[in-house]
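Take a look at the structure below.
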Amino acid sequence: MVRTLARGLSPDQYQLGACFLGEAGPWSAELGRAGVAVLETPWSGPRDLRGALRFWRAIRSEPPDLLHLHYGGRSVRAVARLAASVPVLVHVHGRVRSESDLRIETIRLRDADAVIATSRAVASVVDARRVRVVYPGVQPGRAATQRDPWTIGAAGRLVPIKGYDRLIESLAAVRRHCPEARLEIAGEGPSRADLERQVRALGLEAAVRFLGWSDELPVLMGRWTVFAQPSLEEALGITVLQAMSSGLPVVASAVGGIPEIVTDGVTGLLIASGDVHSLAEALTGMLTDPELCRRCSAAAFGQANEFSEERFVQEVEQVYRELLGPGPGTAR
């Protein structure tokens, strides 16, 4: 999202900087290439006073006109306000406490000047003075004309909340009806070793490929037949939007914000979270019913156009203007 803003906002009006509260990663270099000034100030949590001081100094050294926070709790907001007396916009990307704790609780943000929620599902659990739903944007895709038949694709972090263990388990059932069916998973994460062991235990080594981290998702999606998102919880599912923009029909869990972008029976099929049997049935249906697959593919491609990067930038910029007010020069 920050990269999209860097590319879409006028450089004559806005100058973007990004401060990471962790070690260097691939997004640091990616944002640097997009023209974003990047700082890395590792901060492990509220008890890490040195980390808090590093963050304070980073903000204090060049105070911005607006702080747009994508991460952190009350301590991050408090230190940010101490460092710079400027409006604080909080962008909420999820509604569970952590990837290991799926309890949905109220997110209290009464101290924020404004809040952006990434979906209506997220907005529904936010307690704040001002909350606006701004859906992420994706670049317009191009529907593929030639796909690898029988290929199920998935993309995301390899962590339990994504439900890839259920997806692999469902593949064994799918292959009883479609022996040619295979699965490709793009992404990396701490669950990879466990998932690879599961594949071996089910005897699916020839049918499952782990592709690792990829910067070429549109290319991969261009060869898949159907996209699977079996998450246990999902604020929205930006990879679902990317798949739809590539003309992929979607089979996904009806959790969080996913039903806001996937229309059951129109752009894809929605199933109960964690239901391996329903997941296998939906995937089998997509693979064996060419007319259903074609119809959902066309509808998904059309609906994805409503979630453009241009719309995302315009809606975020509107919030910026409301917080900054009229003024000359470039906002930081």
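Here are a few things to note about the model shown:
- Virtual spin-label span in nm between Arg33 and Ser85, 7 Å along Cα→Cβ: 4.2
- Fully extending the segment from Arg50 to Glu322, taken as 0.36 nm per residue of separation minus the present Cα-Cα distance, adds 94.5 nm.
- Modelled label reach - Arg157, point 7 Å along Cα→Cβ, region 194-209 residues with backbone N closer than 18 Å: 194-195
- For the peptides 231-243, 161-173, the ranking by packing is 231-243, 161-173, with the highest mean count of neighbouring Cβ atoms within 10 Å listed first.
- Once you reduce region 247-296 and region 163-192 to the center of their Cα atoms, the two points are 15 Å from each other.
- Per-peptide average of other Cβ atoms within 10 Å, ordering 295-302, 81-88 highest first: 295-302, 81-88
- Cα gyration tensor shape of region 128-229, rounded if a/c is under 1.5, else prolate or oblate by comparing a/b with b/c: oblate
- In sequence order, calculated HN-Hα J values of region 252-266 (Karplus, 6.51, -1.76, 1.60; Hz; x Gly/Pro): 8, 6, 8, 10, x, x, 4, x, 6, 10, 10, 9, 4, x, 10
- Rounded, prolate or oblate (a/c below 1.5 giving rounded, otherwise prolate when a/b exceeds b/c) for the chain by Cα gyration tensor: prolate
- Site pair Glu23 and Arg294 shows an inter-label distance of 5.1 nm when each label is modelled 7 Å from Cα along Cα→Cβ.
- Residue-averaged [θ]222 nm for the chain, counting only DSSP H segments that reach four residues, each worth -39500 (n - 2.57): -11000 deg cm²/dmol
- Cα gyration tensor category, rounded, prolate or oblate, for region 151-304 with a/c compared to 1.5: rounded
- Length gained when the stretch Glu188-Arg332 is fully extended (0.36 nm per residue, less Cα-Cα span): 48.5 nm
- Inter-label distance, nm, simple model (7 Å from Cα along the C-beta direction), Glu105/Arg209: 4.3
No lab work stands behind these numbers, since they all come straight from the coordinates. Model, not experiment: these values are computed from the prediction. All Cβ positions, even for glycine, are placed from backbone atoms using ideal geometry, and neighbour counts span all protein chains on display.
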